[in-house]
Amino acid sequence: MKKYGVNELRKMFLDFMESKGHLVMKSFSLVPQGDKSLLLINAGMAPLKPYFTGAEKPPRTRVTTCQKCIRTGDIENVGKTARHGTFFEMLGNFSFGDYFKKEAIHWSWEFLTEVVGLDANRLYPSIYLDDNEAFDIWNKEVGIPAERIFRFGKEDNFWEHGAGPCGPCSEIYYDRGEKYGCGKPGCTVGCDCDRYMEVWNNVFTQFENDGNGNYTTLKQKNIDTGMGLERLAVVVQDVDSIFDVDTICALRNLVCEIAHKEYEKNYADDVSIRLITDHIRSATFMISDGIMPTNEVAAMFSAV
Ligand SMILES: [Zn+2]
């Protein structure tokens with residue numbers, strides 16, 4: 001498999017989706033527009049909510065983006081682990097009442113196996129518990145044997161973020177090999193360790209959550225997909241973590257140079273190096289989208 005760079009992978013995805021009739025749109029701002037349920041944009045679909053609900057008409061019923069995202073939920077883990085970060089780019093293809101499960105599943109497989117060239121024998125799809133429609137597409141059409149298709153519950157395979165469109169999903173995991181495994185007897189797809197990495201999530205948006213857990217069926221069925229660009233690069237480049245992929249590694253090395261530190265010499269320094277690398281990315285993109293640090297934050301930084 002060719003070890004494509006982050007910038008190559010981003011272009012390959014957008015070009016592929018364009019060839020499938022999608023309109024390529026620029027990333028939206030990290031600051032949500034007209035959406036009080038979110039502080040920051042945390043997924044590719046977040047700025048597109050009005051198109052999903054039907055409140056606004058999309059420029060085309062098929063859209064693809066590479067969206068800047070910030071997730072602060074895991075901020076305490078950033079630096080301590082190899083895989084957590086607050087800033088990432090999310091690749092996504094979206095259907096607003098246009099194609100549904102069949103096309104979304106086929107295209108995700110085609111992109112990963114034929115365009116990127118991932119080994120099909122290392123890929124494992126998962127589906128929501130009783131989503132037999134998705135199961136049949138994977139099993140009968142794509143040809144994945146039943147024992148390689150995993151069924152997960154609401155926690156893993158039902159996508160929702162606060163109020164708004166939501167639905168069951170089908171993820172694709174990549175087996176990175178034994179060297180990344182935890183070695184426990186039950187280690188398989190869905191294990192918390194770094195062996196089986198989720199690379200793609202196809203969300204079949206069929207419902208709307210009113211924010212109080214009440215679900216209504218959407219007038220139109222939609223597709224919302226998401227794939228972390230940095231995470232895809234980890235798999236393709238076969239490196240340990242997001243801090244080792246080409247573009248982030250360049251930033252990490254500069255942090256080391258300025259701090260006169262060497263990476264992977266001692267754990268405490270590595271935590272700091274990863275933390276600074278991650279926060280520089282987040283802060284740079286937030287500031288460029290008009291989010292200015294307050295005096296309190298400035299005081300915090302100067303105290304460090
Ligand atoms: Zn494991």
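The values are calculated or read from the model by the stated rules, or taken from the named source; none is laboratory data. Only a predicted model underlies this, so the values are computations on that prediction, with no experimental measurement involved. Backbone-built Cβ (ideal geometry, glycine too); neighbour counts: all protein chains shown.
So L9 ticks every box in (1) in a helix (DSSP H, G or I); (2) more than 28 Å from I287 (Cα to Cα); (3) not acidic (D, E) but one. Which box is left unticked?
With (1) in a helix (DSSP H, G or I); (2) more than 28 Å from I287 (Cα to Cα); (3) not acidic (D, E) applied to L9, the lone miss is (2).
Looking at region 251-263 only, could you name the residues that are within 21 Å of T86 (Cα to Cα) and not in a helix (DSSP H, G or I)?
Our first condition is that a residue be within 21 Å of T86 (Cα to Cα); within region 251-263, this holds for 251-256, 263.
Correct list: Y263 only.
Given the structure, is G143 within 15 Å of Y124 (Cα to Cα), surrounded by fewer than 16 Cβ atoms within 10 Å (Cβ to Cβ), without any contact (Cβ under 8 Å) to a residue 24 or more places away in the chain and more than 16 Å from the ligand (Cβ to nearest atom)? First the steps, then the outcome.
Values: within 15 Å of Y124 (Cα to Cα): yes; surrounded by fewer than 16 Cβ atoms within 10 Å (Cβ to Cβ): yes; without any contact (Cβ under 8 Å) to a residue 24 or more places away in the chain: yes; more than 16 Å from the ligand (Cβ to nearest atom): yes.
For G143, the condition - within 15 Å of Y124 (Cα to Cα), surrounded by fewer than 16 Cβ atoms within 10 Å (Cβ to Cβ), without any contact (Cβ under 8 Å) to a residue 24 or more places away in the chain and more than 16 Å from the ligand (Cβ to nearest atom) - is met.
I'd like to verify a number: residues in region 168-185 that are more than 8 Å from the ligand (Cβ to nearest atom), over 22 Å from A233 (Cβ atoms) and in a loop (DSSP other than H, G, I, E, B), how many?
Of the residues in that region, 1 qualify.
Select from region 61-92 the residues that are of a type in the set (K, R) and crowded, with 16+ Cβ neighbours inside 10 Å and list them in ascending order. Walk me through it before giving the result.
Just the residues of region 61-92 that are of a type in the set (K, R), to begin with: 62, 68, 71, 80, 83.
Once the filter is applied, which keeps residues that are of a type in the set (K, R) and crowded, with 16+ Cβ neighbours inside 10 Å, region 61-92 yields R62, K68, R71, R83.
Kindly list the number of the only condition in (1) crowded, with 18+ Cβ neighbours inside 10 Å; (2) of a type in the set (S, T, Y); (3) under 25 Å from E208 (Cβ atoms) that fails for Y4.
All conditions are met except number (3).
Consider A134 against the criteria (1) under 19 Å from the mean Cα position of the chain (by Cα); (2) on the phi < 0 side of the Ramachandran plot; (3) more than 16 Å from the ligand (Cβ to nearest atom); (4) surrounded by 16 or more Cβ atoms within 10 Å (Cβ to Cβ): it satisfies all of them except one. Which criterion is unmet?
For A134, the failing item is (1).
When the residues of region 190-229 are narrowed to those that are away from the ligand (no atom under 16 Å from the Cβ), in contact (Cβ under 8 Å) with a residue 60 or more places away in the chain and of a type in the set (D, E, K, R), which ends up surrounded by the fewest Cβ atoms within 10 Å (Cβ to Cβ)? Break it down stepwise before answering.
Start the filter on region 190-229 by keeping residues that are away from the ligand (no atom under 16 Å from the Cβ), which leaves 199-229.
Pick out the ones that are also in contact (Cβ under 8 Å) with a residue 60 or more places away in the chain and you get 199-200, 202-205, 208, 211, 218-229.
Narrowing the set further to residues that are of a type in the set (D, E, K, R) leaves 208, 219, 221, 224.
Numbers: E208: 22, K219: 9, K221: 18, D224: 27.
My answer is K219.
Give the residues of region 19-51 that are charged (D, E, K, R) and farther than 18 Å from G97 by Cα, sorted by residue number. Show your work before the answer.
Pass one, region 19-51, residues charged (D, E, K, R): 20, 26, 35-36, 49.
Result: K26, D35, K36.
The rows are residues; the columns are (1) more than 24 Å from C166 (Cα to Cα); (2) in a helix (DSSP H, G or I); (3) of a type in the set (F, W, Y).
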{"residue": "N202", "(1), (2), (3)": "no, no, no"}
{"residue": "A233", "(1), (2), (3)": "yes, yes, no"}
{"residue": "V239", "(1), (2), (3)": "yes, no, no"}
{"residue": "F243", "(1), (2), (3)": "yes, yes, yes"}
{"residue": "C249", "(1), (2), (3)": "yes, yes, no"}
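Can you name the condition, by its number, that E147 falls short on among (1) under 26 Å from F13 (Cα atoms); (2) assigned to a helix (DSSP H, G or I)?
(1)
If I filter region 258-266 for residues that are touching a Phe, Trp or Tyr at 6+ places or on another chain (Cβ under 8 Å) and surrounded by 13 or more Cβ atoms within 10 Å (Cβ to Cβ), do I get at least one hit?
No, region 258-266 has no match at all.
Only one of these is among the charged types (D, E, K, R), touching a residue at least 60 places away in the same chain (Cβ under 8 Å) and within 16 Å of the ligand (Cβ to nearest atom): D246, D240. Name it. Explain how you work it out, then say what you get.
Numbers: D246 fails: within 16 Å of the ligand (Cβ to nearest atom).
Only one candidate qualifies: D240.
Could you tell me which numbered condition P293 fails, if it satisfies all but one of (1) modelled with pLDDT of 95 or more; (2) within 18 Å of S29 (Cα to Cα)?
(1)
Looking only at region 46-60, which residues are closer than 22 Å to G290 by Cβ and surrounded by 19 or more Cβ atoms within 10 Å (Cβ to Cβ)?
Selection gives A46, P47, L48, K49.
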